[in-house]
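*Asks:* Handing you this structure, nothing more for now.
The values are calculated or read from the model by the stated rules, or taken from the named source; none is laboratory data. Note that the structure is predicted; figures quoted are calculated from it, not measured. Note that we place each Cβ from the backbone using ideal geometry, even for glycine, and neighbour counts take in every protein chain shown. To get the accessible areas, we keep the full protein, side chains included, count just its heavy atoms, and leave off ligands, DNA and RNA. Shrake-Rupley method; radii C 1.70, N 1.55, O 1.52, S 1.80 Å.
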Amino acid sequence: MVSELKFPVPWGHIAAKAWGSPQGRPVLCLHGWLDNANTFNRLIPLLPKDYYYMAMDFGGHGLSSHRPAGFPYHFLDYVSEIRRVTAALKWNRFTLMGHSLGGTVAGMFSCIFPEMVDKLILVESYGFFPAPQESDAWLNSKRKVIERLLSLEENKHQPPKIRSPQEALQRLLQANSHLTEESGRILLQRGATEVPGGLVYNRDMRALTHNHDSLTLEQCVSFLNKIQASVLMIIAQDGIFNPEAENMSQNFVKPLQEAFQSNLKHFQFAEVTGNHFVHLNEPEVVAGLINIFLKRDQSSKARL
């Protein structure tokens with residue numbers, strides 16, 4: 001049983017889709033950057049049936065409303081959206097499952113509201129994304145956010161680009177080399193709207209610019225001590241944290257993983273085959289691990 005929901009917020013609504021009975025144990029699922037709730041379409045049917053899974057679209061993503069004009073998307077805005085949705089649902093305690101950016105949002109929420117999260121599942125995420133260590137890199141990242149916002153505002157009267165369904169899919173796949181064609185179609189179902197002549201992407205262009213909080217690695221390590229939830233971290237061998245991948249994440253992967261292992265009593269780490277979208281491309285690879293984790297009571301740390 002799948003249902004669509006909308007939660008009113010001051011600038012519009014947060015959209016979500018849910019699987020199962022509302023009487024089931026609650027699990028809130030958070031998608032990655034520029035993705036949407038459909039990223040969990042193939043995974044959730046493989047998970048225990050006595051849970052109520054809700055996947056929300058972050059603001060500016062999927063079917064959720066865009067932010068008011070003049071405002072960029074801040075990382076903490078996504079964190080606050082979790083609190084808005086769970087307040088509307090009157091959820092006092094629940095499980096969080098996040099992929100990529102969604103895992104980073106889930107990690108921060110679990111530190112700010114630790115008493116609300118009983119279990120935390122991180123898929124292709126280390127729960128935090130520290131700011132660049134070099135001051136020039138930090139300043140440049142903030143400059144890009146401001147310039148990007150102003151540039152988009154200058155072109156606000158330009159109509160959105162209309163693409164044929166195949167063109168829209170190919171552009172999505174080119175921007176996400178880890179997606180299979182089938183997975184791309186699943187995301188596009190919720191990530192685009194049909195208009196005369198083709199499809200228009202739903203996402204807010206302002207969301208394309210990363211605007212993370214300015215947290216140092218030391219702060220992230222300190223914050224994760226606040227987490228009360230048991231944690232399952234699933235990292236794909238060919239994902240974005242692959243040691244051979246050229247990205248800025250390698251300087252914090254090891255210290256964060258070590259901090260989780262040493263500071264949290266209930267932490268499990270699993271490395272699986274697959275790439276960044278393993279939960280969508282090959283959900284059976286991670287479903288078994290998640291099933292065991294959801295059904296298991298609080299237990300001592302282990303490496304799966």
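*Asks:* Over all distinct alpha-carbon pairs, what is the Kirkwood Rh of segment 185-238 in angstrom?
*Replies:* Roughly 15.7 Å, rounded to one decimal.
*Asks:* Given an 8 Å cut-off on Cα distances and at least 6 residues of separation, report the relative contact order of segment 1-159 as a percent.
*Replies:* Answer for segment 1-159 is 21 percent.
*Asks:* GNM, the chain, Cα, under 10 Å: largest mean-square fluctuation among LEU76, LEU120, LEU188?
*Replies:* LEU76
*Asks:* Suppose R0 equals 22 Å; then what is the FRET efficiency for LEU150 and VAL200 from their Cβ-Cβ distance, rounded to the nearest 0.05?
*Replies:* Efficiency, from the Cβ-Cβ distance: 0.45.
*Asks:* With each run of n ≥ 4 DSSP H residues scored as -39500 (n - 2.57), what mean residue ellipticity at 222 nm is computed for the chain after dividing by its residue count and rounding to the nearest 500 deg cm²/dmol?
*Replies:* That comes out to -11000 deg cm²/dmol.
*Asks:* Could I ask something else about it? How much length is gained on full extension from ALA69 to MET1, taking 0.36 nm per residue of separation minus their Cα-Cα distance?
*Replies:* Extending this stretch completely gives an extra 20.8 nm.
*Asks:* Based on Cα coordinates alone, diagonalise the gyration tensor for segment 78-215, multiply each eigenvalue by 5, take square roots, and list the semi-axes in whole Å, largest first.
*Replies:* 29, 22, 16
*Asks:* Quick one: of the DSSP bridges fully inside the chain, what percent are antiparallel, nearest 5?
*Replies:* 35 percent
*Asks:* Please give, to one decimal in nm, the separation of the simple spin-label points placed at SER214 and ILE112, each 7 Å out from Cα toward the Cβ.
*Replies:* 1.8 nm
*Asks:* Can you pull the three principal axis extents for the Cα set of the chain, in Å, largest first?
*Replies:* 56, 50, 38
*Asks:* Specify the longest stretch of the chain that does not include any exposed loop site, a site being one of the GluC sites (Glu not before Pro) with a non-H, G, I, E, B DSSP assignment and at most 14 other Cβ atoms within 10 Å.
*Replies:* The answer is 1-133.
*Asks:* Moving on to the next point. Can you send over the carbon and sulfur percentage of the accessible area for segment 1-149, probe radius 1.4 Å, protein chains only?
*Replies:* Using a 1.4 Å probe with all protein chains present, segment 1-149 comes out at 59 percent carbon and sulfur.
*Asks:* Length gain on complete extension for the stretch ASN251 to SER222, per 0.36 nm per residue less the alpha carbon to alpha carbon distance?
*Replies:* 8.8 nm
*Asks:* Next question, about the same structure. Over the chain, what is the relative contact order in percent, taking alpha-carbon pairs closer than 8 angstrom and at least six residues apart?
*Replies:* Result for the chain is 20 percent.
*Asks:* Could you work out how far the C-alpha centroid of segment 2-22 sits from that of segment 211-227, in angstrom?
*Replies:* Measuring centre to centre over Cα atoms gives 29 Å.
*Asks:* Continuing with the same structure: So how long is each side of segment 34-97 along the principal axes, counting just the alpha-carbon atoms, biggest first, in Å?
*Replies:* 43, 27, 16
*Asks:* Let me ask something else. Give me the accessible area per residue for the chain, probe 1.4 Å, as a whole number in Å².
*Replies:* Accessible area per residue, the chain: 47 Å².
*Asks:* Determine the equivalent ellipsoid of segment 193-269 by diagonalising the alpha-carbon gyration tensor, then write out the semi-axes as square roots of 5 times the eigenvalues, largest first, rounded to whole Å.
*Replies:* Each semi-axis is √(5λ); the values are 33, 16, 15 Å.
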